[in-house]
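Peer 1: Sending over a structure as structure tokens; questions will come in a sec.
The values are calculated or read from the model by the stated rules, or taken from the named source; none is laboratory data. All values derive from a computational prediction rather than experimental measurement. With ideal geometry, Cβ positions are generated from the backbone for all residues, glycine too; neighbour counts draw on all protein chains shown.
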Amino acid sequence: MTVAFISHDNCLDHNMGGHHPEAPERLHAIQDRLVASGLEFLLRQFDAPLVHYDQLIRAHEPEYLRRLETSAPDHEEGINWLDGDTGVMHHTLPAALRSAGAAVLAVNLVLDDDISCAFCATRPPGHHAGPNYAMGFCFYNNIAIAAYHALEEHELERVAIVDFDVHHGNGTEDIVGGDRRILFLSSFQHPFYPFKGDGETEANVCNLPLPSNTEGKDWRAAVTEQWLPRLEAFQPQLILISAGFDGHAEDDMSHFHLREPDYAWITSELKAIADRHADGRIVSCLEGGYDLSSLGRSVSAHIDALIGHQ
């Protein structure tokens, strides 16, 4: 199984300060683990391009894009805080444009090339960014941009987005909610940041709020009961994954107790559905995961399952 690995050095330049959990070291931890496991040599490496404005505009409002373009400080050391934990510095937008561009390239590769799956090891993440707002470390909603690129440019009719980050993908829901061409599934700790996702939803949204201290077996049972039948019935032509690994037991960003086998399991389940309905086509984009050791191990397990070793 050929898997693409998409990243870019620009994604290392965005830095909201040494105290901040969404740090450049996250990408180093992933790369180091892939080298140590030998998986790096099984992947096809690609540099992420810059996303184009006409791709951004499908997910974000023009006024928001204009505000974001003017939000970066002129001097390299400054940070303009858009909220309490989401800051723009001199290198933020080039990194964010690469992160969104990676998702678009990944869609092109799995739909046009001899590649079945792609993993985007980029930052900043995207699933909290909404049509007209940045929040939760996110500026452009990479996964929604990828979904609309697949629908509009590749003329697909059904795209599924699966978000297993420990935080609700509120930005993604705000963008794609109500669009029957997209099935959006999000599991998350609740109540927890961003304190959304537990109310009524559009028909194309299936939220899975779970309590703190959720163990892997309980998470798997909920996913099996609520997600997998929806995916089978939807018959997606492409599966997009918002791959957040901050629900790991060693990650103090949350109070979930997932482990590497849980991430391998959900990946294998999604891969089986993709094999049945989407010619195996999966695009996965990095979201959360802030404990460096567990992040590296979890991404490695995720990619190993995409390759088909699980």
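Peer 1: So, in region 1-45, how many residues would count as being outside any helix (DSSP H, G or I) and touching a Gly at 6+ places or on another chain (Cβ under 6 Å)?
Peer 2: Qualifying residue count, region 1-45: 2.
Peer 1: Taking region 1-16 as the search range and keeping residues that are at pLDDT 95 or above and surrounded by fewer than 19 Cβ atoms within 10 Å (Cβ to Cβ), which one is farthest from Glu77 (Cα to Cα)?
Peer 2: Step by step, filter region 1-16, then rank; the result is Asp9.
Peer 1: Are any residues in region 90-125 farther than 22 Å from Pro73 by Cβ and among the hydroxyl-bearing types (Ser, Thr, Tyr), and if so, which ones?
Peer 2: Ser116, Thr122
Peer 1: Before we move on, is Ile143 in contact with a Leu (Cβ under 7 Å, 6 or more places away or on another chain), of a type outside the set (Asp, Glu) and closer than 27 Å to Thr92 by Cβ?
Peer 2: Taking the combined requirement at face value, the residue satisfies it.
Peer 1: Still on this structure, please answer the following. Does region 65-77 include one or more residues that are touching a residue at least 24 places away in the same chain (Cβ under 8 Å), outside any helix (DSSP H, G or I) and of a type outside the set (Val, Ile, Thr)?
Peer 2: Checked region 65-77: no residue is touching a residue at least 24 places away in the same chain (Cβ under 8 Å), outside any helix (DSSP H, G or I) and of a type outside the set (Val, Ile, Thr).
Peer 1: Quick check, is Ser298 in a helix (DSSP H, G or I), touching an Asp or Glu at 6+ places or on another chain (Cβ under 9 Å) and crowded, with 24+ Cβ neighbours inside 10 Å?
Peer 2: yes
Peer 1: Please report, ordered by residue number, the helices (runs of 4 or more DSSP H) entirely within region 145-234 with at least 1 residues that are among the hydroxyl-bearing types (Ser, Thr, Tyr) and crowded, with 21+ Cβ neighbours inside 10 Å.
Peer 2: 170-176
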